[in-house]
Structures are given as C-alpha cells and as structure tokens.
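Here's the structure we're looking at; comments come further down.
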Amino acid sequence: MAEPKYGVVAVGNALVDVISQVSEDFIAEQNEAHGMEKGAMTLVDEARAVELYSLMPAGTETSGGSAANTMAGFGSFGGQGAFIGKTADDPLGHIFREDIRSLGVNFDTQPLVLGAKTGRCMILVTPDAQRTMNTFLGASVELRAEDVEKSLIYDAKVTYLEGYLFDKDTAKQAFIMAAEYAHEAGHRVALTLSDPFCVDRHRHDFLQLVENHVDILFANEEEIKSLFMQEDFEDAISAISKHVEIAAVTRSEKGAVVISGDERFDVPAAPVENVIDTTGAGDQFAAGFLYGFTEGKPLEECAKLGTIAAAEVISHIGPRPLVKLADLAKAA
C-alpha cells in the first residue's frame, strides 16, 4: 500500500475568527446581560452574533475554527494536511476557503448553498490573556456523513476530530463515519475534547466515541476531569489510560502529560516571556504533537513540539503562529 499523502486530515468547524481585546468590565457587563462566562465558549444565535459584533472593539478577522487552526500549525511545522468542514456559499465562506488553501491545506468540502450563513467565533481577550468565546456555528454544523470523503480519510495517517463540532447528530454521524474509514485503512483517529462545557453537554456520547473509535485523545486538565467526572487530575489520568492508546493532556503553565499504556511523560511548558492571548494554545499543542507523531518521533518529543507551538501562539494575539514553527523546532 502506498504511503498516505497527508499526515493529518482534520474534521471540524469552518469558522471565521473575530478577535478583540476587551476590558474585564466589558465581560462583566455581558455576563450580567447575557450570561457570558469568562474563559468559556458560549454558543449564540445569529441575532446575538450580530449584536455582539457591533459592540466589540476593532480587532482581527481570520479564517479559523479549532481544527482549522491546528492544521495551520501542522503546516507551519512542514506537515501536509487536509481539512473537512462546512461553510456557506457566501463572502465569508469564500474568504475561509481561499485563506486555508493559502496555507497549503487541502480543502474541497462542498459549500452549503441554501440555509445558514458561514459561522464565526467572536473571541474576547481580557488583560489577563484569558479568552472568552461566543460562537455562531452557522453552516459549520451542517456537516454530514456524505461530506466525509472516504479516499481523503484513507490518504491520511491520522484523522483528527474537533469536539466543538459535536453539537448535532449529523456531525456525530460524520465523526463515526470518518473514524470507521480511518480504521478500515489501518490508520489512527484522534479527538480533541475542545471545551469542558462541551464535554458536560455530551459526556455519554463522548465516552462512547472515545471507547469505540479514538486512538489518540487531546484534552486539557479541566476537560479530562469533566469527561470522567473526577475532581482529582491524577484520578482522571488513571481513568483515561484504560480507554485510548495515547492521551496528551495540557496543564497550562505546568506543561503537559502524555499517557500511553504504562508509560507516562511529564513535559514542562516551553518558556514564554509574556503571555498575551491564550487563544489557540490547545490547537497548536495538538499541531506540534501530531506533526511529531506522523513523523515517527517518540511521544515525549511529540509533546515538546506541542509545547513549543503553544508557547509561540500565546505570545501574541491570534490563534495561529506568526513565525515558522519548523524554525522554532530546529532552534529548540
């Protein structure tokens, strides 16, 4: 069998990221009026998205979505990747398509012709570098099993699934189909849990997915504790080792823990002179880890690459690297 063309194909939300710096008072006011919770991701409808967008200070607008950001980082390391996600046939959808392709990522998912508009994620960054996200999913949640191209999944070493997409039954079916295709081809399936509130909403379905379809699990400390309903991090880590081949769990300034069978690697965080914006830290950790994994590197080195990518992205505004991650990896 020929070597797969792609290291990773990601399945996730195709969104446009709108990022603004705001005060603590802005978050408090929005919390009081709309229940916006600092540091979390809140799903909003189109009317609320329009209202919030009008209130936000000027910022940056880029193609985004968690898994798409991971693929941007994966490409920055030198990996060949592809993306499956749903946009609308509208101006923002066209911008998303052109932008992700400009990064060298294969993206050919057919756009939604009728119905919801292209989704967008409004990211509010406070002075403490925490990001509060308000997401209008729009067309992105209209991804269906028929959008999952079998030949594309067969042609990737790892199929990477974005937990944020797990809010609709049709998307869940697409995840399962993608996982089945990957395993038919003898390849790995990775899942990122994305958000503790996402885990809370879909704990049973996530557990079923993890137990039956996932080989590599990405999570942060709060997400892994939520999945297994454990107060203690070590108890949660002990639980996950029974369910997947590899688990990579990030712990902010404490670095990351990688579990594989009886092996455990505690990898320190890469140094950061000034934390500006934590948006995309988990996405870029996954990018570095997956790049290392698809290049056959040891798991501890995979995690180190992840911490390098995470450190770069939290040193500036925005969820994608501003410098070539391959160069940072060589210098490390």
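Where a number appears in this text, it was derived from the coordinates with a stated rule and is not lab data. Quick caveat: nothing in here was measured; it's all calculated off a predicted structure. Heads up, the Cβs are rebuilt from the backbone with ideal geometry, glycines too, and the neighbour counts pull from every protein chain shown.
Points to keep in mind about this one:
- Approximate spin-label separation residue 53-residue 150, in nm, with each point projected 7 Å along Cα-to-Cβ: 3.9 nm
- With a Förster radius of 45 Å applied to the beta-carbon distance between residue 61 and residue 262, the computed FRET efficiency rounds to 0.45.
- Percent antiparallel among DSSP beta bridges (both partners in segment 45-182, rounded to 5): 70 percent
- Nearest-20 debye value, segment 239-289 charge dipole, Cβ charges on Lys, Arg, Asp, Glu: 160 debye
- Counting neighbouring Cβ atoms within 10 Å and putting the fewest first, the residues 324, 242, 304, 172 line up as 242, 324, 172, 304.
- Under a model in which nothing but the beta-carbon of Lys, Arg (+1) and Asp, Glu (-1) is charged, the chain shows a dipole of about 720 debye around its Cα centre.
- Positive-end extreme of charge dipole, the chain - chosen from 171, 84, 224 (charges on Cβ): 84
- Label zone (residue 168, point 7 Å along Cα-to-C-beta; backbone nitrogen cut-off 15 Å) within segment 42-75: 43-46.
- Averaging the sequence gap over all C-alpha pairs within less than 8 Å and six or more residues apart, then dividing by the number of residues, gives the chain a relative contact order of 18 percent.
- Anisotropy class of the chain from Cα gyration tensor, a/c 1.5 cut: rounded
- Length-normalised contact order for segment 250-324 - Cα pairs under 8 Å, 6+ apart - percent: 34 percent
- 14 Å beta-carbon shell around residue 250, net charge (K/R +1, D/E -1): -3
- Considering only the chain, percent of DSSP beta bridges that pair antiparallel, nearest 5: 40 percent
- Structure-based [θ]222 nm, the chain - -39500 (n - 2.57) summed over DSSP H runs of at least 4, per residue, nearest 500: -12000 deg cm²/dmol
- Phi-derived couplings, Karplus 6.51 cos²θ - 1.76 cosθ + 1.60 at θ = phi - 60°, listed residue by residue for segment 168-184: 9, 4, 5, 5, 4, 5, 5, 4, 5, 5, 4, 5, 5, 4, 4, 6, 4 Hz, with x used for Gly and Pro.
- Annotation for segment 167-222 versus segment 8-32: alpha-carbon center distance of 23 Å.
- Site pair residue 200 and residue 3 shows an inter-label distance of 4.6 nm when each label is modelled 7 Å from Cα along Cα→Cβ.
- Per-peptide packing, taken as the mean over residues of other Cβ atoms within 10 Å, places 185-192, 309-316, 56-63 in the sequence 309-316, 185-192, 56-63 from highest down.
- Counting neighbouring Cβ atoms within 10 Å and putting the fewest first, the residues 197, 175 line up as 197, 175.
- The distance from the alpha carbon centre of segment 112-148 to that of segment 275-332 is 23 Å, rounded to a whole number.
- As a rough guide to protection, the peptides 105-118, 15-28, 280-293, 260-273 ranked by mean Cβ packing within 10 Å, highest first, stand as 280-293, 15-28, 105-118, 260-273.
- Residue order, fewest to most surrounding Cβ atoms within 10 angstrom, among 246, 123: 246, 123
- Distance in nm between pseudo-label sites at residue 31 and residue 274 (7 Å out along the Cβ direction from Cα): 2.6 nm
- Summing charges over neighbours of residue 126, with a neighbour being any other residue whose Cβ is under 11 Å away from its Cβ, gives -2 when K and R count +1 and D and E count -1.
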